[in-house]
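Readers should treat all values here as calculations from the given coordinates under stated rules, not as data from a laboratory. These numbers come from a predicted model, not from an experiment. Every residue, glycine as well, gets a Cβ built from its backbone with ideal geometry; the counts of neighbours run over all protein chains shown.
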Amino acid sequence: MPLINLPNFASDLLDEFSVRGTDRVDTPIIQPAEPFLDMAGEDLRRRIFMTESETGASLCLRPEFTIPVCLRHIETATGTPKRYSYLGEIFRQRREGGHEFYQAGIEDLGDGNTANADARAISDAIGILDRVVPGKPFSVTLGDQAVFEAVVQALGLPSGWQKRLIHAFGNMMQLETLLAHLASPQPVTGLDAHVLDFLSRGDEQGLVRHIDATMHATGYSTNASRSPQEIARRLREKLVLSETRLDDAAFRVLEEFLSLSVPLSDASAALAGFADAAGLKLGRALESFDARVAALAYAGVDASKIDYRAAFGRPLDYYTGLVFEVTVEGSSAVLAGGGRFDRLMTLLGAKNHIPAVGFALWLDRIETARAA
């Protein structure tokens, strides 16, 4: 792909990708929309440019590279481990204005040593930025969704509430709203009196028959995407969630966890102390966290210069563990960001589990930082 209309440091990026043993890959600008709508998250869904094929299939302009690179890997049945790099246009509405810009990055697929792969992703992002934005001090922020999931699970909340909280990870406003609902449950409103009666008596079969009869009477059943059984299950779950209350002690535990913010060099001790004080067993999640910190040290990355924030996440639903961002000190503009997405490959159709981690570089922001 010729470097037309690209920043003048694009060739440096390609050199850095080559040195790191990646295979350059390009993907079509027009993509099937479903994977992005299902897996990328609400933040990205709001900013996608949609279109249709001649047959009416939902398509979109490529809004990011991770999903297309993973789909290509699956379609070509390429073995792992495999490292891909990319550089090209993406199309999405941006809060700061504009809708078409260049993105580059690396996707690291299939490395079973997740600690080393995570450390490599962070080290590569910092190393590449050191070359293309020379002489600038960087600020690195790191979070870990797997640790948050372990805390939520250890508190013993119903699975529906666990899913809601995990889905909101990284969005502090949404998390605070959910925690407020947990602290002061609100009764379910707007349900038919017959439905409430069936739910209160635990008569699931009666509820299914009632929903089925109502669907037939209204003509809804011919176009329904959900069965009466599925609707009944969701109504029951909604009632259970509305009646769940997080006791004061558990509420304080979650608040304390989300307030943790320390240098990464101190994070392992801080998390271990938190778990002990709260009486939570977070063993596997903390072991993985500690292994990543050790791998970063082995890679020569100074953990004392990385900020660990327990509440930090990124606005993409497919992340499962590590998440990180890199900015120039004193600036909020994210130059590089990424994380681990171990479930994405299977969700996209891979027959076997493929661990994955990667990061993206925002070329327009990098160009602004270079000119500052």
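Numerical summary
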| read-out | value |
| --- | --- |
| Karplus-derived 3J(HN,Hα), 6.51/-1.76/1.60, for each residue of the range 163-180, Hz, glycine and proline x | 4, 4, 5, 5, 4, 8, 4, x, 10, 4, 5, 5, 4, 5, 5, 5, 5, 5 |
| Cα pair distances of the range 302-372 binned at 5 Å [whole percent] | 3, 14, 21, 20, 16, 12, 8, 4, 1, 0 |
| Scaled radius of gyration (Cα, divided by 2.2 N^0.38 Å) that the chain gives | 1.11 |
| Helix 66-75 vs. the chain, principal-axis angle (Cα, 0 to 90°, nearest 10) | 90 degrees |
| Value of [θ]222 nm, deg cm²/dmol, for the chain, DSSP H segments ≥ 4, -39500 (n - 2.57) each, nearest 500 | -14000 deg cm²/dmol |
| Two-site FRET efficiency, Glu176 against Ile74, from Cβ-Cβ distance with R₀ of 45 Å, rounded to 0.05 | 0.75 |
| Full-stretch length increase - Ser139, Arg343 - with 0.36 nm per residue and alpha-carbon distance subtracted | 70.6 nm |
| Theoretical FRET efficiency, 1/(1+(r/R0)^6), r = Cβ-Cβ of Arg46 and Ala311, R0 22 Å, to 0.05 | 0.50 |
| Extension gain from Ala371 to Ala297, taking 0.36 nm per residue of separation minus the Cα-Cα distance | 23.5 nm |
| GNM top mover of Gly339, Gly79, Gly88 - the chain, alpha-carbon springs below 10 Å | Gly79 |
| At R0 = 51 Å, FRET efficiency that the Cβ-Cβ distance of Arg20 and Arg252 yields, to 0.05 | 0.70 |
| Residue of Thr78, Thr214, Thr27 that the Gaussian network model of the chain assigns the largest fluctuation, springs spanning Cα pairs under 10 Å | Thr214 |
| Nitroxide proxy distance, nm - points 7 Å out along Cα→Cβ at Ala213 and Arg226 | 2.1 nm |
| Where only C-alpha atoms are counted, convex hull volume of the range 1-160 per residue in Å³ | 187 Å³ |
| Among Phe251, Phe17, Phe312: highest mean-square fluctuation, GNM of the chain, C-alpha pairs under 10 Å | Phe251 |
| In Hz, Karplus ³J(HN,Hα) per residue of the range 107-119 (6.51, -1.76, 1.60; θ = phi - 60°; x = Gly, Pro) | 10, 10, 10, x, 7, x, 8, 5, 4, 5, 5, 4, 4 |
| 20 Å Cα cut-off, lysine pairs counted over the chain (separation 8 or more, or different chains) | 4 |
